[in-house]
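A short worksheet on the structure shown next.
The values are calculated or read from the model by the stated rules, or taken from the named source; none is laboratory data. All values reported here derive from a predicted model rather than from experimental measurement. Methodologically, a virtual Cβ is constructed for each residue, glycine included, from the backbone with ideal geometry; neighbour enumeration extends over all protein chains shown.
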């Protein structure tokens, strides 16, 4: 899987933001035609984004377009505009409640699909959504989800844990990418770091972000540390030596290393290599 440590929302109606996004150290960009764009700006934003993606170079960043839903006056035209757009890597479908919502979009869009999981029904159907053959990734919409649940804000996000965990399970069962929801207080670096660490430890691939100031922390937290990479390589080497001797396990730093630990170690080193390649 390609790195998606930092996934930055960019309003498609903001020309300056679109220009700046070309140079930002984000692994992926969500060009937003939905929540971030006022109704009276929707048509202009669509044309502006289409033109920008035709002519601008966004490097190796994953370019995802979040369209408006089919139930809105703008959804069908959004999908037509980016159905085969060469500058878009994927289309993000808002408020996905079940695989049938992806079916409806899939008949109009040739691009890989991503799904916003931001409703109670969507989270309950996460397994079926993750199994959709056109789906590439999932994005948690925690603000909308909390509103629908009537959940109160807590720093530990305890009211959302059941939904977040269910969606991570679904994504991992189908080997799909999944990124955590946004952290709203973009000037609160300590709070952002804590929430990134929580999401990382739960198994998310990265975090959606609302401000460029959040990129550095997300990139750091969701990347393997030098110590982790060094340990992973020692585990791989020790296990290879053990197998060469006909042994089934190795010991590194006083801990048993078996085949499953080696698989985890290899995945970690591959992620580190993929992140390093982004900087080239």
message = Please go through (1) surrounded by 10 or more Cβ atoms within 10 Å (Cβ to Cβ); (2) out of contact with any helix residue (DSSP H, G or I) (no Cβ under 8 Å at 6 or more places or on another chain); (3) assigned to a helix (DSSP H, G or I) for residue 261 and return the number of the only condition it doesn't satisfy.
response = (2)
key: Which listed residue, of 163, 151, 127, is in a loop (DSSP other than H, G, I, E, B), more than 15 Å from the chain's Cα centre (by Cα) and farther than 24 Å from residue 3 by Cβ   = 151
inquiry  = Suppose the filter is within 22 Å of the chain's Cα centre (by Cα), in the same structural domain as residue 181 (by TED's automatic domain parsing), surrounded by fewer than 20 Cβ atoms within 10 Å (Cβ to Cβ) and at pLDDT 95 or above; does residue 12 pass it?
reply    = no
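Do we find that residue 186 is touching a strand residue (DSSP E or B) at 6+ places or on another chain (Cβ under 9 Å) and under 24 Å from residue 123 (Cβ atoms) in this structure? Full working, then the answer.
Numbers: touching a strand residue (DSSP E or B) at 6+ places or on another chain (Cβ under 9 Å): yes; under 24 Å from residue 123 (Cβ atoms): no.
Answer is no for this residue.
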inquiry  = Condition first: surrounded by 22 or more Cβ atoms within 10 Å (Cβ to Cβ) and either modelled with pLDDT under 95 or more than 17 Å from the chain's Cα centre (by Cα) (or both). Now tell me which residues in segment 19-33 satisfy that.
reply    = 33
task = Please enumerate the residues belonging to segment 123-143 that are in contact with a helix residue (DSSP H, G or I) (Cβ under 7 Å, 6 or more places away or on another chain) and buried (at least 21 other Cβ atoms within 10 Å of the Cβ).
result = 123, 126, 129, 130, 135, 138, 140, 142
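Filter segment 58-75 for residues that are more than 22 Å from residue 136 (Cβ to Cβ) and either surrounded by fewer than 19 Cβ atoms within 10 Å (Cβ to Cβ) or within 21 Å of the chain's Cα centre (by Cα) (or both) and give the result. Even if it seems obvious, please write down each step before you answer.
To start, the set of residues in segment 58-75 that are more than 22 Å from residue 136 (Cβ to Cβ) comprises 71-74.
Residues satisfying the conditions are 71, 72, 73.
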task = Examine segment 195-214 for a residue that is exposed (fewer than 13 other Cβ atoms within 10 Å of the Cβ) and assigned by TED's automatic domain parsing to the domain that holds residue 117, and state whether such a residue exists.
result = yes
